[in-house]
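These notes concern the structure reproduced below.
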Amino acid sequence: MKNFTIIRVSSQPYGVFGVMIEGSRPEGGQAFALTAERPWKQNKINISCIPPGTYTAYLRKRSNGVLAYELRAVPGRSGILLHKGNIPQKDSKGCILVGEKFDVYSEAQVVLGLSGEGFGEFMARAGGNKEILITILDPFNLTVGG
């Protein structure tokens with residue numbers, strides 16, 4: 001089964017940001033994309049990123065016809081997708097956005113850039129597999145407490 005790891009590296013009032021690696025462990029894996037999520041709000045539905053952990057993700061067709069991976073068995077949550085988007089507060093209701101670079105938005109707010117390209121690369125690397133594993137690591141405890 002294909003494995004991907006997201007390492008959360010920054011937590012701001014407007015989002016949590018990470019690096020996506022192909023592989024099940026950071027060492028030896030190849031970083032190829034960046035991620036953005038809503039800030040940690042105690043895992044509340046539609047307004048928080050999800051807890052760190054390992055999740056099975058299933059390929060599904062969204063209502064707009066675009067394929068995406070949906071994480072399953074997220075504690076207290078459902079409908080968590082990996083998809084393209086730039087601004088966590090605008091483009092996500094708890095999902096994980098995938099992009100290629102960080103950009104600056106209004107008031108020095110960091111957002112993702114080249115999201116279509118980053119998401120496209122993620123999907124290509126996932127290779128159309130019906131299920132993959134996504135591990136989210138939070139080595140700095142960015143999403144604990146607060």
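Read-outs: derived from the displayed coordinates by stated rules, not from any lab. Given the structure is predicted, the values throughout are model-derived calculations rather than measurements. A quick note on method: Cβ atoms are made from the backbone with ideal geometry, for glycine too, and the neighbour counts reach across all protein chains shown.
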Selection from the stretch 28-69 of residues of a type in the set (D, E, K, R) and surrounded by 20 or more Cβ atoms within 10 Å (Cβ to Cβ) yields E37, R38
Out of all the residues in the stretch 63-99, which are among the hydrophobic types (A, V, I, L, M, F, W, C), in contact with an Asp or Glu (Cβ under 9 Å, 6 or more places away or on another chain) and not in a loop (DSSP other than H, G, I, E, B)? I80, L81, L82, I96, L97, V98
List, please: which pairs have Cβ atoms under 8 Å, are six or more places apart or on different chains, and start with a residue in the stretch 1-12 that is under 16 Å from G53 (Cβ atoms) and end with one that is surrounded by fewer than 16 Cβ atoms within 10 Å (Cβ to Cβ) and aromatic (F, W, Y)? R8/F140
Out of (1) free of Cβ contacts under 8 Å to residues at least 24 places away in the same chain; (2) on the phi < 0 side of the Ramachandran plot, the odd one out for Y58 is which? (1)
Give the residues of the stretch 120-134 that are among the charged types (D, E, K, R) and part of a helix (DSSP H, G or I), sorted by residue number. E121, R125
Those residues of the stretch 94-133 that are basic (K, R), within 19 Å of R60 (Cβ to Cβ) and surrounded by fewer than 15 Cβ atoms within 10 Å (Cβ to Cβ) come to a total of 1
Restricting to the stretch 1-30, give me the number of residues that are farther than 22 Å from G113 by Cα and either of a type in the set (V, I, T) or part of a strand (DSSP E or B) (or both). 1
If a residue must be in a helix (DSSP H, G or I) and among the acidic types (D, E), how many such residues does the stretch 100-119 contain? 2
